[in-house]
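Right, one structure below, let's go through it.
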Amino acid sequence: MYKYLLCWRYLRTRYIALASIISVMLGVATMIVVNSVMAGFSTMMEERLHGTLSDIIVESFSLNGFNNPDEVLAAIEEAAGDQIDALAPSLQLFGYAMIPVGGGEYLTREVQIIGVRPEDRARVSEFAEYLVHQPREGQADLPPAEPTFHVPEEFRLNTYAGQVYQRTDPDDPFADILLEDMANLVPADGMILGYALGTIHRPESDEDLFIAPEGSKVILHFPSAGKTPEAKTGEFTVVSYFKSGMSEYDSMQVFVPIERLQFLRGQDGFVNQIQVKARPGADLEAIASAIRLTLERKWPTRFLVSTWEQKQGPLLAAVQVEQNILNILLSFIIAVAGFGILGIFSMIVVEKTKDIGILKALGASDSGVRGIFLGYGLTLGLVGSLVGMTGGLLFVRYINEIEDALSVMTGRKVFDDAIYYFPEIPTLVEPLTVAWIVGGALLIAVAASVWPAQRAARMHPVKSLRYE
């Protein structure tokens with residue numbers, strides 16, 4: 001019983017121990033907050049990366065692609081059988097987009113042009129969930145858009161030529177000229193434009209300025225296929241926007257009708273990628289391996305087959321490495337608290353040498369004296385860990401409110417949503433991670449008190465009583 005009474009007395013009277021408690025508390029709280037935010041970002045990133053891609057991607061080694069997509073689709077279905085939910089061919093290439101900005105000026109950007117059938121793309125990925133319209137007057141949020149390249153007639157009628165045409169007799173020869181002007185201003189082929197390509201974010205107002213509004217014409221330049229590529233041009237009308245929340249995609253990707261892109265390149269029927277949607281719960285790596293073996297047997301060295309995780313492996317691995325390095329660095333905070341406990345306990349052992357001698361003279365055992373200091377260290381670690389865990393979880397719970405307050409105090413955005421377009425800081429509290437953080441802090445606190453406790457237990461009562 002005396003061990004617990006002395007532990008409680010030391011905890012109440014030794015205010016220097018408060019420094020150790022604070023160190024443990026800060027270390028635990030910081031690690032919980034960092035791990036929760038990193039896990040939230042990682043999970044959100046994985047969801048959006050997976051949402052932009054299907055479960056399995058079959059690509060040709062050559063950007064020119066292949067002209068027998070039906071045979072390849074049949075081979076994929078043969079290899080995977082009933083494990084496949086949907087298939088969608090596409091044609092991807094790099095080029096340049098020219099966006100009119102007025103006064104005869106154009107904003108030229110490098111883009112990834114993706115020819116798709118939007119309804120097929122929506123079946124193999126979360127493509128449809130990332131499509132939005134430009135908000136109308138009075139709307140704060142971006143309304144969702146349908147996966148289609150249809151160009152509404154109102155886009156043509158809203159032009160100056162369209163307004164004149166509505167007041168012109170259709171039999172008037174001038175009407176044909178107006179129709180031609182309307183077709184030049186608003187091409188019949190629709191385009192889904194990357195959100196960051198068609199807008200400019202203004203942090204001071206948290207609004208986006210649309211430089212390529214719906215109904216505007218965008219000109220694409222891209223190389224043709226063949227041994228001697230030539231420059232090809234296509235004109236498209238913006239009908240909606242692709243907003244995945246990943247800036248590298250939203251600022252690069254544009255989606256156009258695959259048949260139109262094939263025609264402009266002089267490659268009718270050619271595709272260079274097939275997206276494969278597997279059934280829920282299926283083993284993606286096993287399916288990819290089966291598809292790879294089948295395609296390799298039929299068309300050696302022509303196709304690359306990978307799962308979405310393998311496709312984005314370097315990016316996901318980089319995030320994991322960054323999280324691991326942060327954990328190692330932040331664990332030093334708790335290690336510093338451990339050295340603080342070691343120093344404080346060593347000082348207490350020296351200061352209480354006579355008291356220890358009296359205890360041992362009264363019959364206290366070595367294990368009893370050792371238990372006093374081990375219990376003291378455990379108590380310090382437990383109090384610091386519990387307070388730090390509570391503070392860390394509360395910080396995670398109200399992190400967005402804290403971010404808003406810090407932004408007001410500093411006059412600048414702490415979390416710039418222009419990078420990822422996240423409406424708020426994503427967090428994910430993993431109970432297992434919290435458990436090992438708290439357990440690690442307790443282990444360090446107890447380990448730091450072992451040496452002073454052992455030193456106190458080995459003291460000889462007579463020598464301790466003569467100590468000055």
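Here are the numbers for this structure:
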| read-out | value |
| --- | --- |
| Under 5 Å, built H, 5+ apart or other chain: amide partners of PHE303 | PHE61 |
| From phi via Karplus (6.51, -1.76, 1.60), per-residue ³J(HN,Hα) for segment 226-236 in Hz, x at Gly/Pro | x, 5, 10, x, 10, 6, 10, 10, x, 10, 9 |
| Unit charges on C-beta of K, R, D, E only; dipole of segment 212-331, Debye | 460 debye |
| Segment 200-264 - charge dipole about Cα centre, Lys and Arg +1 at Cβ, Asp and Glu -1, debye rounded to 20 | 440 debye |
| Förster radius 25 Å - calculated FRET efficiency between PHE210 and ALA188, Cβ distance, rounded to 0.05 | 0.70 |
| Shape call, segment 186-342: gyration tensor on alpha carbons, a/c limit 1.5 | oblate |
| Extension gain (nm, one decimal) between ARG412 and THR148, 0.36 nm per residue minus Cα-Cα | 91.1 nm |
| Shape call, segment 230-297: gyration tensor on alpha carbons, a/c limit 1.5 | oblate |
| Cβ-defined net charge surrounding PRO69, 12 Å radius [Lys, Arg +1; Asp, Glu -1] | -3 |
| Inter-label distance, nm, simple model (7 Å from Cα along the C-beta direction), ALA318/ARG297 | 3.8 nm |
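Only the coordinates and a few stated rules stand behind these numbers; no lab work does. This is a predicted model, so every value here is computed, not measured. FYI the Cβ positions are ideal-geometry reconstructions off the backbone, even for glycines, and counts take in every protein chain you see.
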